[in-house]
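Working notes for the structure below.
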Amino acid sequence: MKRAKFYFIICLITSFISNYSLLKVEAADNDSVPVSARVVLPENQFNKEASYFYLKMTPNQEQDLEVVLSNTSDTVQKVEVSLAAGITNDNGIIDYPDGQKKFDASLKYPFSKLASTEKNVTIDPKSDKSVMIKVKMPAEEFDGLIIGGINIRLNQADDTKKESEGGMQIKNIIRYNFGVVLVENETVIVPEMKMNKAFPSQVMGVNTVKANLSNTEPGIIDGLEIVAKVTKKGSKEVLYEATKQGLRMAPNSTFDFGVSMDNKAYQAGDYTMSVVAKAENPDKEWSWNKDFTVDRETAQKLNAKAADLEKDYSMYWIVGGIVIGVLLLVVILCIIFYRKKKKKAEAERRKRQAQKRKRKKAPTNRPNKKRPIAGEMSTKRSEKNKK
């Protein structure tokens, strides 16, 4: 940490304020807004021209912040008042949501824990009502910023519902949001980022891998660009990637940066998420690599809930290929077997034919007797008779 003039903090806060509407009205129909709101800036307001609370305070100091509500209607109006700590939402925007209970581990003093007010306020017709927000600073001196918001919501009766052109009933909602910035000294804090983990998730029915990122210091990160890539563990082939610019992080806050899988299904396995973050203020760059695992149960659960999930036919192709391969193998084996059988039968046939030919050509074993000639036989008979 380094010491600097207090005006540097003013520049930092001004940069923060310029991107967040500190007096914001949200209404379904702004033609008739029965309640208006304005802040009463105290004497210790550091920037007199600001329309939000920006106070330099001391340890243990207590102070009441005043917001005046004006009811210009002819009926009683009721409003709800809530206090919120400044956080970073998943769109990379500093926000002040109602009912925020989970904060980054590095946040020591959430504004919602330092301030209190009445939650329900009734305003008579044609009158003003002051709402006091009691702030008590921590006993221990701190460096950096505490930021928060005062949220005012007008409760309108059900008869204020109007019918839209499509025939749908809509309820008029009016909100006012006022920012609060608290500092105690002139110490300028240089923000620091870290990546806590990567994990499989979903955003509005779309499978999305998320990186949980934290700003661990009480300073704002401005002009943030984040580039994230997802690969198979040990591989350089990028499966999914996302780039976002112009993001901002509140002091001591965390948010989930998402990389959409574009309606692809989760496949069980080990993956790596690589993230590079570059900030304009402060001028810094961070990079991380985190491994994560998608188990079969998680993949099936998220895929079952995913909307318009692109069908993965790879398994069908694999099974079909195996079946076709087995059939081809059977056919080939049958052909080989048939040919061998035919060849064997042909060999046996030829062998039998050869044996037949051999038997026909072979001589008999009996000796041949010489047959006498007719003349000799007559001579032999005459000699025999003479005797």
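Just so it is clear, none of the values below were taken in a lab; they were calculated from the coordinates. Every value quoted in this text rests on a predicted model; they were computed, and no experiment measured them. Here the Cβ is made from the backbone with ideal geometry for all residues, glycine too, and neighbour counts use every protein chain on show.
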Checklist line | Highest-first arrangement of 141-148, 116-123, where packing means the average Cβ count within 10 Å | finding: 141-148, 116-123
Note to self: Using a 7 Å offset from Cα along Cα-Cβ at K290, what residues in segment 198-231 end up with backbone N under 12 Å from the label point?
What the structure shows: 198-201, 209-215
Notebook entry, point to check: Which FRET efficiency value, to the nearest 0.05, is calculated for M132 and I318 with the Förster distance at 56 angstrom and r the Cβ-Cβ distance?
Noted result: 0.20
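Provide the net charge surrounding G246, with neighbours chosen by a C-beta distance below 13 Å and charges set as Lys +1, Arg +1, Asp -1, Glu -1.
0
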Notebook entry, point to check: Within segment 250-282, whose backbone N sits under 12 Å from a point 7 Å along Cα→Cβ of D90?
Noted result: 255-260
Next item on the list: Give, as a single signed number, the net charge of other residues whose beta carbon lies under 12 Å from the beta carbon of S106, with Lys and Arg counted +1 and Asp and Glu -1.
Entry: -1
Notebook entry, point to check: Taking the Cβ of D222 as the center, what net charge do the other residues with Cβ under 13 Å away carry, scoring Lys and Arg +1 and Asp and Glu -1?
Noted result: 0
Next item on the list: Quickly rank 38-44, 277-283 as a protection proxy: mean count of other C-beta atoms within 10 Å, highest first.
Entry: 277-283, 38-44
Checklist line | Tail weight of P(r) past 22 Å, computed on alpha-carbon pairs of segment 193-314, percent | finding: 36 percent
Check: Measuring from label point to label point, each 7 Å out along Cα→Cβ, what is the K102 to E43 span in nm?
Finding: 4.5 nm
Next item on the list: Using label points projected 7 Å from each Cα along Cα→Cβ, tell me how many nm separate E141 and K78, to one decimal.
Entry: 4.7 nm
